[in-house]
1. Tally time: how many residues in the stretch 149-159 are more than 18 Å from residue 47 (Cα to Cα) and touching a helix residue (DSSP H, G or I) at 6+ places or on another chain (Cβ under 6 Å)?
2. Could you check the stretch 164-177 and list, in sequence order, the residues that are in a helix (DSSP H, G or I) and free of Cβ contacts under 8 Å to residues at least 60 places away in the same chain?
3. Take residue 67 and tell me if it is under 18 Å from residue 135 (Cα atoms), out of contact with any helix residue (DSSP H, G or I) (no Cβ under 8 Å at 6 or more places or on another chain) and loosely packed, with under 13 Cβ neighbours inside 10 Å.
4. If you check every pair at least six apart or on different chains, which have Cβ atoms under 8 Å apart with a residue in the stretch 33-44 that is surrounded by fewer than 18 Cβ atoms within 10 Å (Cβ to Cβ) first and a residue that is outside any helix (DSSP H, G or I) second?
5. May I ask you to list the residues in the stretch 115-154 that are farther than 15 Å from residue 185 by Cβ, modelled with pLDDT of 50 or more and not in a helix (DSSP H, G or I)?
6. For the stretch 142-167, enumerate the residues that are under 14 Å from residue 92 (Cβ atoms) and surrounded by fewer than 20 Cβ atoms within 10 Å (Cβ to Cβ).
7. Please report, ordered by residue number, the helices (runs of 4 or more DSSP H) entirely within the stretch 1-73 with at least 1 residues that are within 22 Å of the chain's Cα centre (by Cα) and on the phi < 0 side of the Ramachandran plot.
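The values are calculated or read from the model by the stated rules, or taken from the named source; none is laboratory data. Small disclaimer: the values here were computed from a predicted structure and weren't measured. Please note: Cβ atoms are built from the backbone with ideal geometry, for glycine as well, and neighbour counts cover all protein chains shown.
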């Protein structure tokens, strides 16, 4: 059976490792992974670098993944951590862009992902100062801590998935996340204290 003759319901029931295995002989099967994860990877990259760079990151992520698919560990049925790991490594190459983005976000308070207008108004009025302070904290945070925090917060990965994505031990993920949360919490508490004094 080829990808062209199989129905979408069957593709939905297949795990990622099965799709990757099939793509070794029939490359068009790999497009199902893009359909599953392309939007999520885009949102993650857009939050880190802005919308303009996100499309490039998504394209590069899936290009790298496609080239490396023969070395994928087929015992891992979910490719999501692998793809986020590739995306995070590519984002690291754009670190200066990311830091400029956070500097701009800190000044303006404008998030790169569009939200419904009503949500935007309420959220921005209530949290603009916190978001700016948090953007400053993210900009200054060591890359390893920032990567762990954002993979958990924005990509919704588990500790184990982050460990697989970044080739770390789960204990290292936990300690980096604890450190990053402590810094973020301190910044938000400072903002809350400053607002109470006004």
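1. 1
2. Of everything in the stretch 164-177, those that are in a helix (DSSP H, G or I) and free of Cβ contacts under 8 Å to residues at least 60 places away in the same chain turn out to be 170, 171, 172, 173, 174, 175, 176, 177.
3. Spelling it out, it is not the case that residue 67 is under 18 Å from residue 135 (Cα atoms), out of contact with any helix residue (DSSP H, G or I) (no Cβ under 8 Å at 6 or more places or on another chain) and loosely packed, with under 13 Cβ neighbours inside 10 Å.
4. These pairs meet every condition: 40/155; 43/113; 43/154.
5. 142, 154
6. 142, 143, 144, 167
7. Here the list reads 16-25, 31-49, 51-67.
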